[in-house]
């Protein structure tokens with residue numbers, strides 16, 4: 001009987017110990033599992049809080065960078081914008097990976113607003129690059145932009161609230177699991193109580209850390225809002241200044257346009273008239289001039305006096321108002337000297353250079369001019385001055401190119417150029433053609449960056465030498481336009497064709 005009772009006691013104790021051991025092991029496993037899951041959840045939720053805070057921060061930085069770029073046009077703000085965009089995308093990707101269900105609940109309206117904001121900001125960058133900073137600033141300060149910002153902010157706030165709710169739900173769930181574990185611990189072993197206390201303490205630490213992080217974020221957001229307000233006020237002031245400067249620039253542009261138009265009209269008015277050229281019986285003369293801008297720097301003129309024909313062609317460096325004024329000065333000086341019947345080419349060109357040199361110095365300009373003068377009298381043609389080559393096509397089809405580099409010196413560089421002046425004399429027969437041109441023709445480029453060139457010009461003149469001077473000019477210009485296609489000509493184009501059609505005694 002005693003053995004039986006002892007056996008039952010051992011069996012009871014064994015069962016009790018085994019059951020207690022199993023209960024303790026289950027309780028310990030449950031506590032350990034709960035602790036690990038809770039610790040991981042806390043870390044994940046803390047990370048999600050930080051990620052959502054980063055989204056708000058990056059969004060504000062993107063807005064500020066876009067507005068600063070629209071206000072200042074400084075490239076560093078565009079670079080900062082482009083640097084932050086991938087960081088924002090990466091942060092959103094991490095949130096989606098952590099809580100796809102929570103984020104997707106607010107993702108649609110947030111993503112749509114985000115895409116529209118990026119579209120508006122991209123459009124603002126394009127306006128700035130087009131020189132339309134005021135329009136860009138207006139776009140980034142408009143009602144549509146602010147409305148999208150509000151939608152985006154509400155979406156992010158919704159995500160944060162969802163994350164907060166998920167955090168609180170997780171805490172509640174794990175509190176319940178901890179309570180169950182405490183019951184098991186109370187039955188099995190007091191060590192479980194200590195473990196539970198440690199977990200609860202850790203929960204309190206997490207809650208305190210979370211509260212401190214939220215407080216720090218609120219302070220950071222407040223400082224950021226203050227800075228944004230300060231920058232917004234500064235941008236408003238800068239925008240007012242820009243508007244004022246734009247108004248002044250528009251007035252200045254209008255004034256300059258009027259001056260350019262007046263100079264252009266003067267240039268057109270002083271070109272040789274058709275009726276003047278028709279009075280020259282021995283020579284058939286035609287000219288063509290097309291400036292690359294409103295006012296060109298090319299010059300040509302034809303003067304007839306006492307049976308002598310003077311033909312001039314030149315090219316002032318550059319183009320625009322200043323070059324156009326110098327061109328008019330040169331034309332006036334040539335006509336004045338011709339009216340004074342100065343026949344010596346050296347004295348003629350030297351006097352003209354002295355006048356131009358003094359005017360260029362008085363204007364404080366760095367412009368100069370190539371100038372070529374041709375004098376025709378009784379079948380003889382003399383050439384003086386430095387310019388492009390003179391193309392001579394004989395009646396029998398022979399082509400000659402006369403280099404003028406050693407016949408003169410650019411006008412307006414030196415006070416005295418008489419030592420550089422030389423002459424070339426040519427006998428012209430009926431049917432001979434002389435063509436003068438500026439480098440706007442030979443240096444014109446096509447879409448393949450190929451030059452029109454002197455060789456092609458000589459060939460087209462030779463092919464049309466049997467026609468009138470006007471038709472020769474038209475053939476050259478037509479071939480030039482065909483060569484360049486739709487490519488823009490960046491220099492003035494001037495062309496003069498001279499063809500001898502009868503002897504002087506006829």
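The values are calculated or read from the model by the stated rules, or taken from the named source; none is laboratory data. A quick note: this is a predicted structure, and the numbers were derived from the prediction, not measured. Using ideal geometry, Cβ is built from the backbone for each residue, glycine included, and neighbour counts are taken over all protein chains shown.
Side notes on the structure shown:
- For segment 50-79, filtering for residues that are part of a helix (DSSP H, G or I) and either without any contact (Cβ under 8 Å) to a residue 24 or more places away in the chain or in contact with a strand residue (DSSP E or B) (Cβ under 7 Å, 6 or more places away or on another chain) (or both) leaves 6.
- Boolean, residue 504 is over 24 Å from residue 297 (Cα atoms), in contact (Cβ under 8 Å) with a residue 40 or more places away in the chain and assigned to a loop (DSSP other than H, G, I, E, B): yes
- When the strands (runs of 3 or more DSSP E) confined to segment 229-337 are screened for residues that are closer than 27 Å to residue 359 by Cβ, modelled with pLDDT of 75 or more and in contact with a helix residue (DSSP H, G or I) (Cβ under 6 Å, 6 or more places away or on another chain), those reaching at least 1 such residues are found at 298-305, 308-316.
- Scanning segment 432-453 for residues that are out of contact with any strand residue (DSSP E or B) (no Cβ under 7 Å at 6 or more places or on another chain) and either within 18 Å of residue 373 (Cα to Cα) or surrounded by fewer than 17 Cβ atoms within 10 Å (Cβ to Cβ) (or both) returns 446, 447, 448, 449, 450, 453.
- For segment 360-374, filtering for residues that are crowded, with 23+ Cβ neighbours inside 10 Å and touching a helix residue (DSSP H, G or I) at 6+ places or on another chain (Cβ under 8 Å) leaves 3.
- Residue in segment 458-471 that is touching a residue at least 60 places away in the same chain (Cβ under 8 Å), surrounded by 15 or more Cβ atoms within 10 Å (Cβ to Cβ), farther than 20 Å from residue 311 by Cβ and in contact with a strand residue (DSSP E or B) (Cβ under 6 Å, 6 or more places away or on another chain) present: yes
- Residue within segment 396-419 that is more than 23 Å from residue 317 (Cα to Cα), surrounded by fewer than 20 Cβ atoms within 10 Å (Cβ to Cβ) and in contact (Cβ under 8 Å) with a residue 60 or more places away in the chain present: yes
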